[in-house]
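Trainee: Take a look at this one; I'll ask things after.
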């Protein structure tokens, strides 16, 4: 009479080990993919915040031309022209975007990006501000815009300066280099993204 042969304990343990390795590998892939999705979502938000700062600066420059004003009106600190840093004042409700030059560093309160709580702009990312008031739920992001003058000399050589005015070095202001910097926290690490664009006084 033929007798069926059963599995030994060793065979069962081998099977369990193989299955466990497969499950752990699958779980690792899922966790890794979720982490990548979070990281990529942060980067998309950061790039859009940076581009928004530059696009609004371009809009202000173009509006100045149409109004017959100096191209950099609203893009320089009227009180302290050598102060280049600012935060964006716009939340989707304010009709005319502007820049607040009281923000000196990305660690300042107005560099904080919030999700607006305005009823007509709920969920819009905006820089926190006091005048006009913009408030909302704090996010992991901070944004700082820097407007560095582009100077030109008699030989048409262009120089971007990091302090002072073009007239201080005997040159004429030809444009502005806009730096839109975003910083955010992800799992205890600070990550940054920067976009530059040069705007000239060309019509």
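The values are calculated or read from the model by the stated rules, or taken from the named source; none is laboratory data. In this text the structure is predicted, and so the values were computed from the model without any measurement. Please note: Cβ atoms are built from the backbone with ideal geometry, for glycine as well, and neighbour counts cover all protein chains shown.
Trainee: Answer with yes or no whether residue 67 is surrounded by fewer than 20 Cβ atoms within 10 Å (Cβ to Cβ) and either in contact with a helix residue (DSSP H, G or I) (Cβ under 6 Å, 6 or more places away or on another chain) or within 20 Å of residue 50 (Cα to Cα) (or both). Don't jump to the end; show me each part of the working.
Mentor: Values: surrounded by fewer than 20 Cβ atoms within 10 Å (Cβ to Cβ): yes; either in contact with a helix residue (DSSP H, G or I) (Cβ under 6 Å, 6 or more places away or on another chain) or within 20 Å of residue 50 (Cα to Cα) (or both): no.
Answer is no for this residue.
Trainee: Same structure, new question: Among the residues of segment 116-135, how many are buried (at least 17 other Cβ atoms within 10 Å of the Cβ) and without any contact (Cβ under 8 Å) to a residue 60 or more places away in the chain?
Mentor: Matching residues across segment 116-135 total 9.
Trainee: Could you run through segment 1-55 and say how many residues are exposed (fewer than 11 other Cβ atoms within 10 Å of the Cβ), modelled with pLDDT of 75 or more and under 25 Å from the mean Cα position of the chain (by Cα)?
Mentor: 3
Trainee: Further question: Could you give every pair whose Cβ atoms fall below 7 Å, whose first residue belongs to segment 141-157 and is at positive phi and without any contact (Cβ under 8 Å) to a residue 12 or more places away in the chain, and whose second residue is crowded, with 16+ Cβ neighbours inside 10 Å and in a strand (DSSP E or B), counting only separations of at least 6 or pairs across chains?
Mentor: Going by the 7 Å Cβ cut-off, there are no qualifying pairs.
Trainee: On the basis of being surrounded by 10 or more Cβ atoms within 10 Å (Cβ to Cβ) and either modelled with pLDDT under 90 or within 25 Å of residue 140 (Cβ to Cβ) (or both), does residue 78 make the cut?
Mentor: no
Trainee: Another one. Which residues, taken from segment 162-173, are more than 21 Å from residue 53 (Cβ to Cβ) and outside any loop (DSSP other than H, G, I, E, B)?
Mentor: Across segment 162-173, the qualifying residues are 166, 167, 168, 169, 172.
Trainee: Now for a different question. Just give me the residues in segment 174-198 being more than 23 Å from residue 58 (Cα to Cα) and part of a strand (DSSP E or B), in sequence order.
Mentor: 184, 185, 186, 189, 190, 191
Trainee: Identify all residues within segment 123-161 that are assigned to a loop (DSSP other than H, G, I, E, B) and at pLDDT 90 or above; write none if there are none.
Mentor: Selection gives 124, 128, 153, 154, 155, 156, 157, 161.
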